[in-house]
Amino acid sequence: MTDKPAEHNDLGQPLDFRVPDWTARERPPGTPIAGRWCDIEPIDADAHAQELYDAVMHDADGANWTYLPYGPFATFAAYDEWLRATCLGGDPMFHTIRDRQTGKAVGIASLMRIDPANGVIEVGHIHYSPLLQRTPAGTEAMYLLMRRVFDELGYRRYEWKCNNMNAASKRAAERLGFVFEGVFRQHIVTKGRNRDTAWFAIIDRDWPAVRAAFEAWLDPENFDEDGRQRTKLDARYKGETIAK
């Protein structure tokens with residue numbers, strides 16, 4: 001399959017490739033996903049709110065909230081109220097990320113803008129507490145959601161969008177295998193400020209190589225006795241290794 005038009009119509013106009021057997025996909029199920037480092041669970045306010053609030057409070061200066069359209073929350077009551085009002089619907093479908101080593105809920109992510117007819121879905125509302133950032137569990141959580149979208153449900157496109165000022169989010173998207181597609185200027189207004197939105201995506205033809213990179217990175221042999229990675233995820237295609 002190439003990106004070049006394969007056909008022309010009777011008027012000589014180019015047409016994109018056919019998708020002859022396409023049918024609408026199922027919506028994501030509200031079921032857990034088990035991993036090696038973490039588990040993904042549909043968010044449950046009664047079970048998760050306090051643990052999530054305790055985890056995000058490790059972000060003492062509130063830097064993790066800067067580019068989110070809500071927060072920070074000064075009290076657990078305010079956070080709990082937001083979570084119950086925002087995170088319990090079907091789209092966005094919020095998930096809790098639970099660290100298997102500690103058993104604690106340490107972050108959230110959602111599947112959103114779910115479009116079964118076209119096989120498109122976005123991962124968003126990603127909020128990793130400091131307990132999850134830069135950990136194998138944090139990387140595995142993104143892999144587990146991708147695997148559900150592509151392998152389990154057969155979607156064609158998986159999107160990542162972020163504030164164009166959010167350099168860390170853009171680096172994370174590229175590390176995780178997303179391809180930068182451009183910037184929507186003056187896309188929305190959030191927290192009283194303009195937001196230009198950077199768009200990234202993985203499509204189904206990208207997924208086999210991305211999946212192989214994740215699985216090689218997540219292999220136990222990629223971690224030394226202290227749990228440090230030997231090879232970087234975003235360097236798998238380059239053969240780069242981490243010096244011990």
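Nothing in this text is a laboratory measurement; each read-out follows from the coordinates by a stated rule. Being a predicted model, the structure only gives us computed values, none of them experimental.
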Relative contact order of the chain (C-alpha contacts under 8 Å, at least 6 apart) in percent is 15
Most fluctuating of ARG27, ARG157, ARG185 in the GNM of the chain (C-alpha, under 10 Å) is ARG185
For the stretch 31-91, Rg(Cα) over 2.2 N^0.38 Å is 1.21
Normalised per residue, the volume inside the convex hull of the alpha-carbon atoms of the stretch 1-142 in Å³ amounts to 166
Taking a ≥ b ≥ c as the square roots of the Cα gyration tensor eigenvalues, with a/c under 1.5 meaning rounded and otherwise prolate when a/b beats b/c or oblate if not, the stretch 135-244 comes out prolate
Rg from C-alpha atoms of the chain, normalised by the globular rule of thumb 2.2 N^0.38 Å, equals 1.08
Residues whose modelled amide H sits under 5 Å from the amide H of THR190, counting only those 5 or more places away in sequence or on another chain, are ARG195
Across LYS232, LYS191, LYS104, the residue with the highest GNM fluctuation in the chain (Cα network, 10 Å cutoff) is LYS191
Nearest 10, in degrees from 0 to 90: the angle of helix 136-147 to the longest Cα principal axis of the chain is 40
When all Cα-Cα pair distances of the stretch 69-170 are considered, the percent exceeding 16 Å is 63
Counting only DSSP beta bridges with both partners in the chain, the antiparallel fraction in percent, to the nearest 5, comes to 90
The Kirkwood hydrodynamic radius of the stretch 96-154, taken as the inverse of the mean 1/r over all distinct Cα pairs, in Å, comes to 12.2
Per its Cα gyration tensor (rounded if a/c is under 1.5, else prolate when a/b beats b/c, else oblate), the stretch 121-188 is best filed as oblate
